Structure formats: C-alpha cells, structure tokens
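Input: a single structure, listed below in structure tokens.
Rule-based calculations on the coordinates, nothing more; no lab input. Worth saying up front: this structure is predicted, and the values here are computed from it rather than measured. All Cβ positions, glycine included, derive from the backbone under ideal geometry; neighbour counts span all protein chains shown.
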Amino acid sequence: MRRDFEELQFTVVAEVHECRVDFKVYDICGRTGSPDGPFIYHREGGVNSMDWVESLDDSEIYLHGSVKWGGCSDWHFDEQDRVMLHGCSRHDIERYGKIMAACWDMMKELLPSFVGD
C-alpha cells in the first residue's frame, strides 16, 4: 500500500505481514511539470542532489522500519548512511517524527491483530 503525505514531503509504502507492518519512506523532492505533476525523488545512487526520478523503484529510501502488533516499532534512517540528516527549518526536523507517527497510525488501520493502545 502506498500513501503520499505531501504536507510532510514523504511517500510511504507499507507491506502488511501477520504480526507487523514494514514501511519504506521516500523523501519527496517536488513535482515535475505542473503543481499537480508526479512527485520526484532522489535517484538511488544518484550523482548529485538534483538527480531525480519519478519511480519509487529507482528512488533512495529515506528511512525504513516496522511496527509490530503490540505497538513496538524499530526504525533506521537510511539517509544517515549517505549523509547527515539535514533540515533547513523547524518543519524539516518535525516531519521526521510526524512521518514515523503517521506510519504507526497506518499500522493500526492495516493490521487486524493490533492489540496496543
């Protein structure tokens, strides 16, 4: 399942398993063409910060993790494997926590076995 969180500038892909939901989160860099054009993302292994693609299959994963049936979660910021996390504003810093919380909320929707609070 894919969900775009344009206000947080992230796209989330969720994969549901019996007791957990795995998440891959992609950083939205902008749109191509018009304001309603497709989202663009950093190319995996790109040569510079403006090497963009439209396909998630060709994009860098910004962070990934999982949320389990009881509410426990584990996260890894893939971006930190490439460079330090960078924010130009308070919003940039806040969106990291907000996208993980949004994934946690998605897990509650997607996982029938959820028993947490």
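The residue of segment 2-35 that is farthest from Ser113 (Cα to Cα), among those that are in contact with a Phe, Trp or Tyr (Cβ under 9 Å, 6 or more places away or on another chain), in a loop (DSSP other than H, G, I, E, B) and not polar (S, T, N, Q), is Cys29. Residues of segment 1-16 that are surrounded by 13 or more Cβ atoms within 10 Å (Cβ to Cβ), within 17 Å of Lys68 (Cα to Cα) and not β-branched (Val, Ile, Thr): Ala14 alone.
Here segment 65-117 is the region considered, the condition is being small (Gly, Ala, Ser) and in a loop (DSSP other than H, G, I, E, B), and the residue that is nearest to Gly46 (Cα to Cα) is Gly87. Scanning segment 43-54 finds one or more residues that are surrounded by 12 or more Cβ atoms within 10 Å (Cβ to Cβ) and in contact with a helix residue (DSSP H, G or I) (Cβ under 8 Å, 6 or more places away or on another chain).
Kindly evaluate Val67 against the criterion of being under 21 Å from Arg95 (Cβ atoms) and in contact (Cβ under 8 Å) with a residue 40 or more places away in the chain. Criteria met by Val67. Scanning segment 45-100 for residues that are hydrophobic (A, V, I, L, M, F, W, C) and touching an Asp or Glu at 6+ places or on another chain (Cβ under 9 Å) turns up Val53, Ile61, Leu63, Val67, Trp69, Leu85.
For segment 40-64, a residue qualifies if it is assigned to a strand (DSSP E or B), under 24 Å from Ile93 (Cβ atoms) and either among the basic types (Lys, Arg) or more than 13 Å from the chain's Cα centre (by Cα) (or both), and the qualifying residues are Ile40, Trp52. Within segment 102-116, residues that are farther than 13 Å from Ala14 by Cβ and touching a residue at least 12 places away in the same chain (Cβ under 8 Å) sit with their Cβ atoms under 7 Å from residues that are assigned to a loop (DSSP other than H, G, I, E, B) and not charged (D, E, K, R), at 6+ positions apart or across chains, in these pairs: Ser113/Cys19; Ser113/Trp69; Phe114/Trp69; Val115/Trp69; Val115/Gly70; Gly116/Gly70; Gly116/Gly71.
Going through (1) under 18 Å from Arg2 (Cβ atoms); (2) in contact (Cβ under 8 Å) with a residue 40 or more places away in the chain; (3) surrounded by 17 or more Cβ atoms within 10 Å (Cβ to Cβ) one by one, Ile28 falls short only on (2). Summed over segment 7-29, residues that are touching a Lys or Arg at 6+ places or on another chain (Cβ under 6 Å) and of a type in the set (D, E, K, R) total 1.
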